[in-house]
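Where a number appears in this text, it was derived from the coordinates with a stated rule and is not lab data. Bear in mind that the values here come from a model prediction, so they are computed numbers and not experimental data. Reconstructed Cβ throughout: ideal geometry from the backbone, glycine too, with neighbour counts over all protein chains shown.
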Amino acid sequence: MNIPSFQQAVGFSVGDALAMFLLRSILERENYSRALYEQFNLEFPGRSVSYEYVARTANYLEKDGFLSSQIEGRKKIFRVTGEGIKRLQEYEKVYAHRFSEVSTVIDRFYYFLTRNGLPAQGEVEPLHEDFRSFISKLLSVKDVVRFMALRLSLTRPSFYMAEVQDQLNSLFGWAPSNGYMYNVAREMEETNVLVGYWPDERRTVRILYKTEESEHFYGIVAASLTERVTQVRKYLHYVLRVVSDEEAM
């Protein structure tokens, strides 16, 4: 049961999250599969799993020596072994710094969308290149681009996509590639969410502005993005709390 690399894991996989959750929860309190299943789905409603999956994962952890168990009445009660504690410490070494970097970007999105949490302090540092692709594992990048483009369309007479990219970088420390930005802009024009034109024959900068559909679609995209960011932020904060606890072991 090797820890996958940051790039190999699809973000931080449900299996990894569940294994970490089980080890941390059982370390705090010896417990049985049904209660652990209910607790996991309560804490992570956006990443629900079946009872069978929780029980199977707990059994795998026991087989690998990270958990032990004993029967009490009709319940199989799990406890963490010394190897299980080492396993938690391994997770910390692999994921703590990486999740901290990405969580900072998600926190910026969360504050901007909800005005809850804490605003960025000082200059916004760009997300490290090694972690930039991870954002696309967590958020709908298309929704991020559409949100910022539509927001600019509602607050300015006109704009161009390089300004959208600048806004994302300055506010959040992350933005997708130029090519992706322009593909989304083209799609928005095709669906009449934005309208654009070339101001000269060089066709280097396409000027964009809103349509009658822009404000309505902005509300839909903003709501969807806010819901996703809120779920992802809760998930990342839990992982960070776990690995921070492990660091103190």
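Sorting S153, S50, S158 on the 10 Å Cβ count, fewest up front, what's the list? Kindly include the intermediate steps, with their values, before the conclusion.
Working: S153 24, S50 10, S158 15.
Going from sparsest to densest Cβ surroundings: S50, S158, S153.
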Pairwise Cα inverse-distance average, inverted: Kirkwood Rh of the chain (Å)
20.4
Nearest 20 debye, what's the magnitude of the dipole of the chain about its Cα centre given +1 on Lys and Arg Cβ and -1 on Asp and Glu Cβ?
520
With +1 on the Cβ of every Lys and Arg and -1 on the Cβ of every Asp and Glu, and nothing else charged, how large is the dipole of the stretch 19-86 about its Cα centre, in debye rounded to the nearest 20?
80
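Using unit Cβ charges (K, R positive; D, E negative) and no other charged atoms, how large, in debye to the nearest 20, is the dipole of the stretch 106-249 about its Cα centre?
Values: 17 positive and 20 negative charges, 46 e Å.
Rounded to the nearest 20 debye, it is 220 debye.
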Per-residue Cβ neighbour rank within 10 angstrom, fewest leading, R24, R206, R74, R186:
R74, R186, R206, R24
For the chain, the charge dipole (Cβ of Lys, Arg +1; Cβ of Asp, Glu -1; about the Cα centre) points to a positive end, and the Cα of Y160, L194, T81 closest to that extreme belongs to T81
How would D200, D130, D16, D64 line up from fewest to most surrounding beta-carbon atoms within 10 angstrom?
D200, D130, D64, D16
Work out the count of Lys pairs in the chain where the Cα-Cα distance is under 18 Å, with the pair 8 or more places apart or on different chains.
5
Take the stretch 129-228, drop everything but the C-alpha atoms, weight them equally and run the Debye formula without solvent; then report log10 I(q)/I(0) at 0.11, 0.18, 0.22, 0.24 Å⁻¹ to two decimals.
-0.31, -0.83, -1.21, -1.40
